[in-house]
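The values are calculated or read from the model by the stated rules, or taken from the named source; none is laboratory data. All of these numbers come straight from a predicted model, not from anything done at the bench. Because the Cβ atoms are built from the backbone with ideal geometry, glycine has one as well, and the counts that use them run over all protein chains shown. Please note that ligands, DNA and RNA were not included when accessible areas were found on the heavy atoms of the full protein model with its side chains. Shrake-Rupley method; radii C 1.70, N 1.55, O 1.52, S 1.80 Å.
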Amino acid sequence: MKKKEMILRAATVLFAEKGYRDTSMAEVAQASGVAQGTIFYHYDTKEKLFLSILRDFKESVIQEFDRHVRDRNYPSGMVMAEDMVDFYLSLSGAMEHQFLLLHRHDAYELARSNDECRDQLEAIYNCLVDMFETAVRRGQQDGSVGNGSARKTAMILFTMVDGLVRFNTYRLYSASALVPDLIDSCRKVLQP
């Protein structure tokens, strides 16, 4: 693994677990096994390192979504929407640190003063909501999903699923116990 990748991985874990503000570059250097100067060579500042993590997260979401749907032939948009719920839950488990980072308050504090951070967070959420919107639009075309604003419907689905992910992320409640109820609620929201 290249040093740049080692730095990104270590920083992602530390920022997710300790927060952006409470993580020092010295800790990132120690966790990644590289010199602090190497980190500054690749990422001039802690802020730029954080932004790189957000960009990488967005790209990973896009790649995983494309890989997931590439060879699937959904019989309807409703079925695709149900699959997007499962996919999102799987993705949040596979990318646990990135989702924890996304759910931390300090990322949004940084976004208040850093437009690029705000843009990256918005881009990540747009990618996530787009997955659901793709299914909603398909369902509206084939009649398996009701009419209305596809984007707003996708945002409602996203918030339902992401809320369950947050429960799981913070170990407040086991997400798996509510998945069948979540999918049933999504069906009700999408009914034509």
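So what's the net charge close to GLU116: Lys and Arg +1, Asp and Glu -1, counting the other residues with Cβ under 15 Å from its Cβ?
Details: positive: LYS46, LYS48, ARG55, LYS58, ARG112, ARG118; negative: ASP44, GLU47, ASP56, GLU109, ASP115, ASP119, GLU122.
Summing Lys and Arg as +1 and Asp and Glu as -1 gives -1.
At a 1.4 Å probe, what is the % contribution of carbon and sulfur to the accessible area of the chain? Please list the in-between numbers first.
Values: 4920 of 10070 Å².
Within the chain, the accessible surface is 49 percent carbon and sulfur.
Any idea what the alpha-carbon Rg over 2.2 N^0.38 Å comes to for the chain?
Details: Rg = 18.3 Å, N = 192, 2.2 N^0.38 = 16.2 Å.
Ratio of Rg to 2.2 N^0.38 Å for the chain: 1.13.
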* **Accessible area of GLU27 in the full protein assembly, 1.4 Å probe (Å², nearest 10)** => 60
* Asked: Among ALA35, ALA26, ALA177, which one shows the biggest mean-square fluctuation in a GNM of the chain, springs joining Cα atoms closer than 10 Å?
  -> ALA177
* How many angstrom lie between the C-alpha centres of segment 116-145 and segment 52-69? -> 14
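So how do ASP106, ASP22, ASP71 rank on accessible area, 1.4 Å probe, biggest first, that is with the largest at the start?
Order by accessible area, largest first: ASP71, ASP22, ASP106.
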* May I ask you to work out the translational diffusion coefficient for segment 140-192 at 4 °C, viscosity 1.567 mPa s, via Stokes-Einstein with Rh from the Kirkwood sum over Cα pairs, reported in whole µm²/s? => 108
* Rounded to the nearest 10 degrees, what's the angle between the helix 115-142 long axis and the longest principal axis of the chain, both from Cα atoms, 0 to 90? => 20
* Asked: Which longest uninterrupted range of the chain lacks any trypsin sites (Lys or Arg not before Pro) assigned by DSSP to a loop state (not H, G, I, E or B) and surrounded by at most 11 other Cβ atoms within 10 Å?
  -> 73-170
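Add -39500 (n - 2.57) for each DSSP H run of 4 or more in the chain, then divide by its residues: what number comes out at 222 nm, to the nearest 500 deg cm²/dmol? Mind showing how you got there, number by number?
Values: 10 runs with 150 residues, N = 192.
-25500 deg cm²/dmol, from helical runs alone.
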* To do: Provide the gained length on full extension for the span ARG21 to SER90, in nm with one decimal, where the gain is 0.36 nm per separating residue minus the Cα-Cα distance.
  => 22.0 nm
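Accessible area per residue of segment 1-44 at 1.4 Å probe, in Å²?
Solvent-accessible surface per residue comes out at 57 Å².
Kindly report the accessible area of segment 51-190 per residue (heavy atoms of protein chains, probe 1.4 Å, no ligands, DNA or RNA), in Å². Intermediate results must be reported in sequence, preceding the final value.
Details: 7050 Å² over 140 residues.
Here the per-residue accessible area is 50 Å².
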